[in-house]
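J.: My structure is below; once you've seen it, I'll send some questions.
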Amino acid sequence: MEKEKVMSPYLGYLGAFFALVLFFGPVALAIYISPWWLFLLIADAFCWAGLLVVNPNESAVLVLFGNYAGTVKRNGFYWINPFFIRQKISLRARNLNSEPIKVNDKLGNPVMIGIVLVWKVENTYKAAFEVDDFIRFVDIQSEAAIRKLAGFYPYDSFDDKDADLSLRSGGEEVNNELEDELKDRLKIAGIRVIEARIAYLAYASEIAGAMLRRQQAAAIVSARQKIVEGAVSMVDLALAKLYEKEIVDFDEEKKAAMVSNLMVALCSDKDVSPVINTGTLYQ
């Protein structure tokens, strides 16, 4: 049986009334030395043991001699069979802010990942009987989901040119993948996943320095590519304008020299010191 049964027990005020009557009854009988006072005292204890209080967003799972009897979800004051074994389970939303754990991404790089998970118990029967400890179950399965997710994606796209998504740039798509994975893992415990997202992401300390230098090198190469593309466009425009205005006529050797000088001047990462030639172009 995996279905949750919602119970509607008796009102607790009626049980409390009989418990009070049975409490004062033995006192009155004891005055008259009646043999019934002990029986009434036992019945009174029996009534007091059956009182149950269910707070808002709380439930009580009831078991009678090894059989699941049902779950009380409606808050209030009730009286139930005193032989019921009760297990209180909160129905409130809970937060899991996991500590960052070291995992390997798709390319085998060690990375640190931490997640934020918002969850709540939806099926009290599964939470109470399908797993041993549903709170610990959530912790362990969350870590397993993190490890599986990290194996699907590289940390960054520059590590894997064929990757459409990465852990750092995937955003909502990666978070949705994590959420779907947690839903599949936690449904056996009757847990509903409200939200799951990556809250911490970084390279592990042993490779963080090397990866930072690699990112900086990749950024420099990318910037240089843009500079070269711009410089080529400017040189081409300069030559075209010179020919169009018929300012000067270059042979191939001088054209190559001008292109070389312009490319050095435009692509240099330092300020250029111009040299003025007062002779001819061939000096």
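The values are calculated or read from the model by the stated rules, or taken from the named source; none is laboratory data. Quantities reported herein were computed from a predicted structural model and do not represent experimental measurements. Positions of Cβ are backbone-derived with ideal geometry, glycine not excepted, and every protein chain shown enters the neighbour counts.
J.: Out of everything in the stretch 175-199 that is buried (at least 22 other Cβ atoms within 10 Å of the Cβ) and small (G, A, S), what residue ends up being farthest from A144 (Cα to Cα)?
T.: Step by step, filter the stretch 175-199, then rank; the result is G190.
J.: While we're on this one: Can you find a residue in the stretch 155-166 that is within 14 Å of the chain's Cα centre (by Cα), surrounded by 14 or more Cβ atoms within 10 Å (Cβ to Cβ), modelled with pLDDT of 80 or more and not β-branched (V, I, T)?
T.: Filtering the stretch 155-166 for residues within 14 Å of the chain's Cα centre (by Cα) gives none.
No, every residue in the stretch 155-166 fails to be within 14 Å of the chain's Cα centre (by Cα), surrounded by 14 or more Cβ atoms within 10 Å (Cβ to Cβ), modelled with pLDDT of 80 or more and not β-branched (V, I, T).
J.: So which of A128, A144 ends up being in contact (Cβ under 8 Å) with a residue 40 or more places away in the chain and surrounded by 20 or more Cβ atoms within 10 Å (Cβ to Cβ)?
T.: Numbers: A144 fails: surrounded by 20 or more Cβ atoms within 10 Å (Cβ to Cβ).
Of A128, A144, the one residue that is in contact (Cβ under 8 Å) with a residue 40 or more places away in the chain and surrounded by 20 or more Cβ atoms within 10 Å (Cβ to Cβ) is A128.
J.: Check whether at least one residue in the stretch 94-106 is closer than 15 Å to A150 by Cα, surrounded by fewer than 16 Cβ atoms within 10 Å (Cβ to Cβ) and in the same structural domain as F152 (by TED's automatic domain parsing), and report yes or no.
T.: The answer is yes, given that some residue of the stretch 94-106 is closer than 15 Å to A150 by Cα, surrounded by fewer than 16 Cβ atoms within 10 Å (Cβ to Cβ) and in the same structural domain as F152 (by TED's automatic domain parsing).
J.: May I ask you to list the residues in the stretch 67-122 that are hydroxyl-bearing (S, T, Y) and in contact with a helix residue (DSSP H, G or I) (Cβ under 9 Å, 6 or more places away or on another chain)?
T.: Within the stretch 67-122, the subset hydroxyl-bearing (S, T, Y) is 68, 71, 78, 90, 98.
Selection gives Y68, T71, Y78, S98.
J.: Go through the stretch 50-79 and report how many residues are of a type outside the set (A, V, I, L, M, F, W, C), part of a strand (DSSP E or B) and in contact with a Lys or Arg (Cβ under 9 Å, 6 or more places away or on another chain). It would help to see each step written out before you state the result.
T.: Start the filter on the stretch 50-79 by keeping residues that are of a type outside the set (A, V, I, L, M, F, W, C), which leaves 50, 55-59, 66-68, 70-71, 73-76, 78.
With part of a strand (DSSP E or B) added as a condition, the list becomes 58-59, 67-68, 70-71, 76, 78.
Those left that are additionally in contact with a Lys or Arg (Cβ under 9 Å, 6 or more places away or on another chain): 58-59, 68, 70-71.
Residues that pass the stated criteria total 5.
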